[in-house]
Amino acid sequence: MKAVAPARVNLIGDHTDYTGGLVFPMAIDRFTTIDFEPLADSVIRLHSHDQQHDALIQLPVSESKTNQSGWARYIAAVAKECNATHGITGEITTTIPIGSGLSSSAALEVATALALNFNGSALELAQLARRAEHTATGVPTGIMDQLCIASAREQHAMLIDCDNFEIKHVRLPENMQVVVRFITQRTLEGSQYADRVKQCADAESIIGPLRHAKLESIEAISDQTIRQRARHVITENQRVRDFALALQSGDLKSAGLLMNQSHKSLADDFATSTHAMDDAVSELQKISGVYGARMTGGGFGGCVVALCARDTRLDGWRVSAAGAAHLA
């Protein structure tokens, strides 16, 4: 049997999901695959073709046993959330570049849950995988990655409301392409991601939920840094709304301009970009046929994404919108 989970790229709407905001990701044709066989024994034995060491995990997994090293900690955390008592044996392969900001960890979590016989809705699968991410890394990430991977549809991106988990699948225009370019490897562990989550919470303690806040309300925030973080989230939510409408109407020029604005906001107000990513985005934005470009994902490295005319030739990965994680 195979459990297959795609990567994701976020076209617009970063650092909004953990405040119940709006995001616009799509699953892409890069995958993590677990080839496995069920075991009667209470053990998980998995070999990775892309990571050092194997995962050997005794079941059931208690809170004290999730402290595995390396990639095995994701497996252990998912097994705990699944209350797994019957194990699997198999091999893991991936075409998702590790540390690229394309959700390799979320893909592994979702694929592992499916291999461990998870039986529930896509939302429940995403929530389980998100809890596993928190357990494995201690990073308070939002639900965008896991929900996109669990709910995606081929040839579509997704407008996700992270407040009520409503999903609207938006078909991608045929006269465009999405290109992803890897810049630098990164991990959210040890980054300032958790600081951004706290800064948004600080802003909400003053002006209420950022999901519903008006831009003028940030004037009540005296701390300049907290005010900037709030401004990014509030304006980014509106950019997501506008981007979805532009894409649905085929207005790629407007959609691209919104991506450019999003990157500037992430770089200036949210301070999650880097000089290398800023340079890469600036280079892409100057190329004929590129409507817009921005950093994608949690930031502090990773990838940039560009929205382009279909016949534009760029260095990078031309990605297609993939379907949801599944058993095969």
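What follows draws every value from the coordinates through simple rules; no lab data is involved. What you are looking at is a predicted structure, and each value in this text was computed from that prediction instead of being measured. Here the Cβ positions follow ideal geometry from the backbone for every residue, glycine too, while neighbour counts run over all protein chains shown.
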Practice task
For an R0 of 51 angstrom, estimate the FRET efficiency from the Cβ-Cβ distance between HIS326 and SER222 and round to the nearest 0.05.
Solution key: 0.55
Exercise for the section: Just need the relative contact order of the stretch 203-324 here, percent rounded to a whole number, with Cα pairs under 8 Å and 6+ apart. Expected result: 17
Exercise for the section: May I ask you to evaluate 6.51 cos²θ - 1.76 cosθ + 1.60, the Karplus curve with θ = phi - 60°, for each residue of the stretch 118-124 and list the ³J(HN,Hα) values in order in whole Hz, giving x for glycine and proline? Expected result: 4, 9, x, 6, 4, 5, 5
Completion exercise
In terms of the alpha carbon gyration tensor, root eigenvalues a ≥ b ≥ c, rounded if a/c is under 1.5 and otherwise prolate when a/b exceeds b/c or oblate, the stretch 162-231 is oblate
Practice task
Starting from the amide H of THR184, placed 1.01 Å from N in the peptide plane, find each other amide H under 5 Å away whose residue is 5 or more places distant or on another chain.
Solution key: GLY302
Handout entry: Over the chain: Rg over Rh, Cα atoms, Kirkwood Rh
Key = 0.97
Practice task
Note down the relative contact order for the chain as a percent, whole number, built from C-alpha pairs under 8 angstrom at least six residues apart.
Solution key: 25
Completion exercise
Amide H neighbours of ALA152 at under 5 Å, excluding residues fewer than 5 places away on the same chain, with H built from the backbone geometry, are ALA324, ALA325
Practice task
Using amide H atoms built 1.01 Å from N in the peptide plane, name the residues 5+ places from ARG30, or on other chains, whose amide H lies under 5 Å from its own.
Solution key: ALA7
Problem - Ranking of ASP161, ASP14 by count of other Cβ atoms within 10 Å, fewest first - result: ASP161, ASP14
Completion exercise
Simple SL model, points at 7 angstrom along Cα→Cβ for SER191 and ALA276; separation in nm is 1.3
Practice task
Rounded to the nearest 500, what is the 222 nm mean residue ellipticity of the chain from helices alone, with -39500 (n - 2.57) per DSSP H run of 4+ residues and division by all residues?
Solution key: -11500 deg cm²/dmol
Fill in the blank from the handout: Gyration tensor on Cα atoms of the stretch 42-97, a ≥ b ≥ c root eigenvalues, a/c under 1.5 rounded, else prolate if a/b beats b/c, else oblate, says prolate
Practice task
Calculate one ³J(HN,Hα) per residue across the stretch 271-276 by plugging θ = phi - 60° into the Karplus curve 6.51 cos²θ - 1.76 cosθ + 1.60, and present them in order as whole Hz with x for glycine and proline.
Solution key: 6, 10, 8, 9, 4, 5
Exercise for the section: May I ask for the Kirkwood hydrodynamic radius of the stretch 194-257, worked out over all distinct Cα pairs and given in angstroms to one decimal? Expected result: 12.6
Fill in the blank from the handout: Highest GNM mean-square fluctuation among MET176, MET277, MET26, for the chain with Cα springs under 10 Å, belongs to MET176
Exercise for the section: Under a 10 Å cutoff between Cα atoms, tell me which one of SER288, SER254, SER265 has the largest fluctuation in the Gaussian network model of the chain. Expected result: SER288
Handout entry: Virtual spin-label span in nm between ALA309 and GLU63, 7 Å along Cα→Cβ
Key = 5.9
Fill in the blank from the handout: Check: C-alpha center the stretch 245-282 vs C-alpha center the stretch 41-57, spacing in Å is 39
Completion exercise
Heads up, the stretch 2-169 by the C-alpha gyration tensor (a ≥ b ≥ c square roots of eigenvalues; a/c under 1.5 rounded, else a/b over b/c prolate, else oblate) looks prolate
Exercise for the section: Given the options SER121, SER104, SER282, state which has the largest fluctuation in a GNM of the chain using a 10 Å cut-off (strictly under) for Cα springs. Expected result: SER121
Practice task
With r as the distance between the Cβ atoms of ARG171 and ARG318 and R0 = 22 Å, compute the FRET efficiency 1/(1 + (r/R0)^6) and round to 0.05.
Solution key: 0.75
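Report the Rg/Rh value for the stretch 172-319, based on alpha-carbon coordinates and the Kirkwood definition of Rh.
Taking Rg over the Kirkwood Rh, I get 1.00.
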Handout entry: Two-decimal ratio, the stretch 86-236, of alpha-carbon radius of gyration to 2.2 N^0.38 Å
Key = 1.21
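What share of the DSSP beta bridges in the stretch 2-169 is antiparallel, in percent to the nearest 5?
Antiparallel bridges: around 90 percent, rounded to the nearest 5.
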Exercise for the section: For the stretch 13-19, just list the computed ³J(HN,Hα) in residue order, Karplus coefficients 6.51, -1.76 and 1.60, θ = phi - 60°, integers in Hz, with x standing in for Gly and Pro. Expected result: x, 9, 6, 10, 5, 7, 10
Practice task
Quick one: how many lysine pairs does the chain have with C-alpha atoms less than 29 Å apart and a gap of 8 or more or different chains? Give me the count, please.
Solution key: 17
